[in-house]
Amino acid sequence: SKSQGGNKITYYSTGMNDQAMVRMELESYLRKALEKNEFHLYYQPLMDLKSGEITCIEALIRWQHPLIGLVSPAQFIPLAEETGLIEEIGAWVLTTACVQTKYWQQNGFPNLGISVNVSAYQFQQHTFLSKVMEALHVSRLAPASLSLELTESAMLKDIGYSISIMKSLQELGVKVSMDDFGTGYSSLSYLRNLPIDTLKIDQSFIKHLHDDPSNIAIVKAIITMGQGLAVSIVAEGVETHEQMNILRDLDCHYAQGYYIQKPLDTAAFEQGFRTVENI
Ligand code: C2E
Ligand code: CA
Ligand code: CA
Ligand code: CA
């Protein structure tokens, strides 16, 4: 009936208003979050599967809002991109991660590398390269200790421009990783042309590694291709011993995931580091 239809419309529009409100609130909170020091970095190790050593850690942002609680990056990074706030947040992440890594290098982990996620919008800004150089300068971190993780879609947005920036990064000595590999539309011809040092196989391929032989075939092919292209391979989302054994048998270089270690804050990372070495 008519009244039911009316109710429905009211219901939906209320819902949308609520969503818009939450969004607007999040956006204004997001603007203040940097000043209020509400962002934190967690760190998750990447393990060399041959030696068992932790060679590198990935920085993962966390937002601890006093009222909302922990907000996942999957929720606020897209909003930060839409509003342009990602430029400032991204610069903060870069500097904080480099400073922290330099500190750990000087306090017991001399060869530790750091991998930092870069969003598409952030990467396309003309100031991006100078922000990277500034983070390296401020932290005194060697460029070779830094990797930047970009998704395929970020790289392909304006491929000519992207390649030039990636080459400039590599000329500085900074490494470039392709994140979430296998989830986009990666054509192999792109892969040949893109100057990348590392491919990170998306966790969706690792999840069913042991119960789906086709995933083993795919992962095996990526690893073989990596060897041919002199690109190192990281398997993401390793959650079981079985998955890690398969990856080791396939000669995958690095593994990352809850089985090895969950992302940890700086204090827990310093404590947890010892236990990882026994896996
Ligand atoms: P990502 O770069 O693909 O990061 C991997 C995500 O998988 C992280 O989620 C990590 O905590 C989670 N993870 C690690 N090991 C496992 C595992 O064994 N199993 C499962 N199920 N998950 C695992 P997180 O920290 O919530 O980050 C989500 C995404 O947010 C990241 O995906 C990245 O795209 C983005 N992100 C995180 N930090 C930053 C940042 O500082 N800057 C930018 N631009 N994006 C970030
Ligand atoms: Ca990543
Ligand atoms: Ca990933
Ligand atoms: Ca991802």
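Laboratory data are not the source of any read-out in this text; all were calculated from the coordinates shown. Note that the coordinates shown come from a computational prediction; the quantities given were computed from them, not determined experimentally. In this analysis, Cβ positions are derived from the backbone assuming ideal geometry, glycine residues included, and neighbour counts consider all displayed protein chains.
Checking understanding here: applying a Kyte-Doolittle mean of at least -0.5 and a length along the axis of at least 18 Å (C-alpha), which whole DSSP H helices in the chain pass? Walk me through the intermediate numbers first.
On the way: long enough: 2-33 (46 Å, -0.89); 86-106 (29 Å, 0.01); 159-172 (20 Å, 0.57); 213-229 (24 Å, 0.98).
Result, helices passing both filters: 86-106, 159-172, 213-229.
Rounded to the nearest 500 deg cm²/dmol, what is the calculated helix-only ellipticity per residue at 222 nm for the chain, with -39500 (n - 2.57) per DSSP H run of length n ≥ 4? Present the calculation step by step, with values, prior to reporting the outcome.
Working: 12 runs with 148 residues, N = 279.
Here the helix-only value at 222 nm equals -16500 deg cm²/dmol.
If you take every residue apart from Leu79 with its C-beta less than 9 Å away from the C-beta of Leu79, what net charge results, scoring Lys and Arg +1 and Asp and Glu -1? Walk me through the numbers before you get to the answer.
Details: positive: Arg23; negative: Glu27, Glu81, Glu82.
Surrounding charge for Leu79 is -2.
Could you work out the local net charge near Thr183, counting Lys and Arg as +1, Asp and Glu as -1, over the other residues with Cβ closer than 15 Å to its Cβ? Provide the component values of the computation, followed by the final result.
Values: positive: Lys200, Lys207; negative: Glu149, Glu152, Asp179, Asp180, Asp202, Glu236.
Around Thr183, the surrounding residues sum to -4.
Compute the distribution of all C-alpha to C-alpha distances in the chain, in bins of 10 Å from 0, and list the percent of pairs in each, rounded to whole numbers.
Here the calculated profile for the chain is 6, 26, 32, 22, 8, 3, 1, 0.
Straight distance only, please: which aspartates and glutamates reach the Cα of Lys32 with their own Cα at less than 13 Å, same-chain residues fewer than 8 apart left out?
Glu88
Which residues' amide hydrogens lie under 5 Å from the amide hydrogen of Leu49, considering only partners 5 or more residues apart or on another chain, with H built in the peptide plane?
Residues meeting the amide H criterion: Tyr254, Ala255.
Using the Karplus equation 6.51 cos²θ - 1.76 cosθ + 1.60 (θ = phi - 60°), what ³J(HN,Hα) coupling, rounded to whole Hz, does each residue of region 254-259 give in order, writing x for Gly and Pro?
Working through the residues one at a time gives 10, 10, 9, x, 4, 4 Hz.
Give the relative contact order (percent, whole number) for the chain; include only Cα pairs under 8 Å separated by 6+ residues. Don't skip to the end; give the middle numbers.
Details: 405 pairs, mean separation 48.2, N = 279.
Relative contact order here is 17 percent.
Please compute the contact order of region 100-247 in relative form: average sequence separation of alpha-carbon pairs under 8 Å and at least six residues apart, divided by the residue count, as a percent. Working shown, then result.
Numbers: 187 pairs, mean separation 26.2, N = 148.
That works out to 18 percent.
For region 189-279, what is the Kirkwood estimate of the hydrodynamic radius, computed as the reciprocal of the mean inverse distance between distinct Cα atoms, to one decimal in Å? Walk me through the numbers before you get to the answer.
Numbers: mean 1/r = 0.0711 Å⁻¹.
Final number for the Kirkwood radius of region 189-279 is 14.1 Å.
Given the C-alpha centroids of region 29-48 and region 97-148, what is the distance between them in whole angstrom?
Measuring centre to centre over Cα atoms gives 14 Å.
Sorting Arg23, Arg192 on the 10 Å Cβ count, fewest up front, what's the list? Display every interim value, and only then the final one.
On the way: Arg23 12, Arg192 8.
Result, fewest neighbours first: Arg192, Arg23.
Please list 63-75, 193-205, 103-115 highest first by mean number of surrounding beta-carbon atoms within 10 Å per residue. Don't jump to the answer; show the numbers that get you there.
Values: 63-75: 12.6, 193-205: 19.5, 103-115: 15.6.
Top to bottom by mean Cβ count within 10 Å: 193-205, 103-115, 63-75.
Under 5 Å between amide H atoms, partner at least 5 residues away or on a different chain: which partners does Cys56 have, H built in plane at 1.01 Å?
Here the answer is Leu46, Gly113, since their amide H atoms fall under 5 Å of that of Cys56.
Check cross-link reach from Lys102 to the aspartates and glutamates: straight Cα distance under 15 Å, and skip same-chain residues fewer than eight apart.
Correct list for Lys102: Glu58, Glu134, Glu270.
Give the Debye-formula value of log10 I(q)/I(0) at each listed q (0.16, 0.21, 0.28 Å⁻¹), with one equal scatterer per alpha carbon of region 215-264, two decimals each.
Debye intensities relative to I(0), on a log10 scale: -0.43, -0.69, -1.06.
Which aspartates and glutamates, if any, have their Cα less than 12 Å from the Cα of Lys207, not counting same-chain residues under 8 positions apart?
Glu236, Glu239, Glu242
Please list, ordered by chain and number, the residues whose modelled amide H lies under 5 Å from the amide H of Asn117; skip anything fewer than 5 residues away on the same chain.
Distant-sequence amide H within range of Asn117: Ala59, Glu149.
Just to be sure I understand: of the beta bridges DSSP finds with both ends in region 13-151, what percent are antiparallel, rounded to 5? All intermediate terms of the calculation are to be shown ahead of the outcome.
On the way: 12 of 20 bridges.
Bridges in region 13-151 that DSSP calls antiparallel: roughly 60 percent.
Could you work out the relative contact order of region 68-158? I mean the mean sequence separation of Cα pairs under 8 Å and 6+ apart, divided by the number of residues, in percent. Could you put the intermediate results ahead of the total?
Numbers: 87 pairs, mean separation 30.6, N = 91.
It comes to 34 percent, rounded to a whole number.
If one computes the Cα centroid of region 177-232 and of region 237-260, what distance in Å separates the two points?
14
Roughly how big is region 70-227's charge dipole about its Cα centre, with Cβ charges of +1 (Lys, Arg) and -1 (Asp, Glu), in debye to the nearest 20? Before the final figure, lay out each step's value.
Values: 10 positive and 15 negative charges, 100 e Å.
Charge dipole, region 70-227, about its Cα centre: 480 debye, nearest 20.
Please list log₁₀ I(q)/I(0) at q = 0.24 Å⁻¹ for region 113-189, using the Debye equation with identical point scatterers on the alpha-carbon positions.
For the requested q values the scattering log ratios are -1.20.
Take the Cα of Ser214, step 7 Å along the line toward its Cβ, and report every residue of region 171-193 whose backbone nitrogen sits under 20 Å from that point.
From region 171-193, the list is 181-188.
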